[in-house]
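Here is the structure we will look at.
The values are calculated or read from the model by the stated rules, or taken from the named source; none is laboratory data. Remember, it's a predicted structure, so these values are computed and weren't measured experimentally. Cβ coordinates were reconstructed from backbone atoms using ideal geometry, including for glycine residues, and neighbour counts include every protein chain displayed. These area figures cover heavy atoms from the full protein model, side chains too; ligands, DNA and RNA do not enter into them. Shrake-Rupley method; radii C 1.70, N 1.55, O 1.52, S 1.80 Å.
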Amino acid sequence: LKTERKQRIIIVLEKGRLMIIGNEKGASVVEFSLVAILFFTVLFAIFEFALMSWTNLTMQHAVREGARYTITGQDNLSGTFDYDNPDTRYLADDRFRAMVEKIKSQSMGIYDHVLGPEDITVKYVDGSEAKKTIHYDGGTPGDTSDDEEWEVFYPGGPGEIIVIRLNCTWPVIIPLIRPFFSDGEYNFTVASTMKNELFE
């Protein structure tokens with residue numbers, strides 16, 4: 001190998017086009033640097049795409065389990081609800097809130113990293129939103145002037161077919177891959193369609 005490199009240098013010098021002064025160790029470092037940049041870029045890109053796939057599959061599993069839970073009509077995961085917080089009004093329906101908690105528990109901790117309140121929708125199969133009106137008592141006994149009505153998502157009634165859809169966003173970590181994604185984010189949607197049981 002050393003002999004071949006020396007011959008190559010001599011040929012270049014004999015043609016008089018280029019003067020090469022240096023040792024072979026320096027050339028090896030440069031060659032390794034070029035190859036290493038390409039190698040580690042590809043390696044981390046593989047990790048990035050694997051992480052994206054895992055996130056997608058995890059959220060698909062979570063929404064499926066949330067749908068399987070909510071079609072039974074249960075709401076025992078709903079917990080308490082703060083009516084005075086306007087940021088959580090989308091959780092006013094007990095069954096919807098219980099469904100969200102089920103999805104969270106099945107998402108292996110990534111729910112809050114990929115979803116916001118506006119990213120969860122429940123629709124009927126015809127595409128219309130599954131919503132209902134909730135009456136909120138303003139707190140003054142006998143006075144309805146401060147009462148409010150909220151239109152909130154709910155997982156449909158008995159026997160109705162619903163589509164639960166999560167619009168997820170995952171930030172891309174590797175800088176060299178980020179330009180290939182809109183705003184440097186991997187956007188994906190997971191959904192589950194199921195028919196509610198004839199609960200009461």
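Among the residues of the stretch 25-72, how many are within 18 Å of Ser192 (Cα to Cα), in contact (Cβ under 8 Å) with a residue 60 or more places away in the chain and among the polar types (S, T, N, Q)?
5
Quickly run through the stretch 142-158 and pick out the residues that are in a strand (DSSP E or B) and either open to solvent by 60 Å² or more (accessible area, probe 1.4 Å) or more than 21 Å from Asn85 (Cβ to Cβ) (or both). Full working, then the answer.
Narrowing the stretch 142-158 to residues in a strand (DSSP E or B): 148-153.
Across the stretch 142-158, the qualifying residues are Glu148, Glu149, Glu151.
Taking the stretch 92-139 as the search range and keeping residues that are outside any loop (DSSP other than H, G, I, E, B), free of Cβ contacts under 8 Å to residues at least 40 places away in the same chain and in contact with a strand residue (DSSP E or B) (Cβ under 9 Å, 6 or more places away or on another chain), which one is most open to solvent (accessible area, probe 1.4 Å)?
Ranking the qualifying residues of the stretch 92-139, first place goes to Glu118.
For Thr80, indicate whether it is free of Cβ contacts under 8 Å to residues at least 24 places away in the same chain and in a strand (DSSP E or B).
On the way: free of Cβ contacts under 8 Å to residues at least 24 places away in the same chain: yes; in a strand (DSSP E or B): no.
So Thr80 fails the test.
Pick from the stretch 176-190 the residues that are assigned to a strand (DSSP E or B) and open to solvent by less than 40 Å² (accessible area, probe 1.4 Å): which of them is farthest from Lys102 (Cα to Cα)?
This residue is Phe188.
Any residue at all in the stretch 11-21 that is at pLDDT below 90 and surrounded by 12 or more Cβ atoms within 10 Å (Cβ to Cβ)? So that I can check it myself, show each step before the final result.
Within the stretch 11-21, the subset at pLDDT below 90 is 11-21.
Going one step further and asking which of them are surrounded by 12 or more Cβ atoms within 10 Å (Cβ to Cβ), we end up with 12-13.
Among the residues of the stretch 11-21, at least one is at pLDDT below 90 and surrounded by 12 or more Cβ atoms within 10 Å (Cβ to Cβ), which makes the answer yes.
Going by the structure shown, is Glu31 modelled with pLDDT under 60 and either part of a helix (DSSP H, G or I) or over 51 Å from the mean Cα position of the chain (by Cα) (or both)? First the steps, then the outcome.
Values: modelled with pLDDT under 60: no; either part of a helix (DSSP H, G or I) or over 51 Å from the mean Cα position of the chain (by Cα) (or both): yes.
So Glu31 fails the test.
For the stretch 54-91, which positions are open to solvent by less than 70 Å² (accessible area, probe 1.4 Å), modelled with pLDDT under 95 and of a type in the set (A, V, I, L, M, F, W, C)?
The answer is Phe81, Leu91.
Only one of these conditions is not met by Ile173: (1) part of a loop (DSSP other than H, G, I, E, B); (2) open to solvent by less than 20 Å² (accessible area, probe 1.4 Å); (3) closer than 23 Å to Tyr111 by Cβ. Which number is it?
For Ile173, the exception is condition (2).
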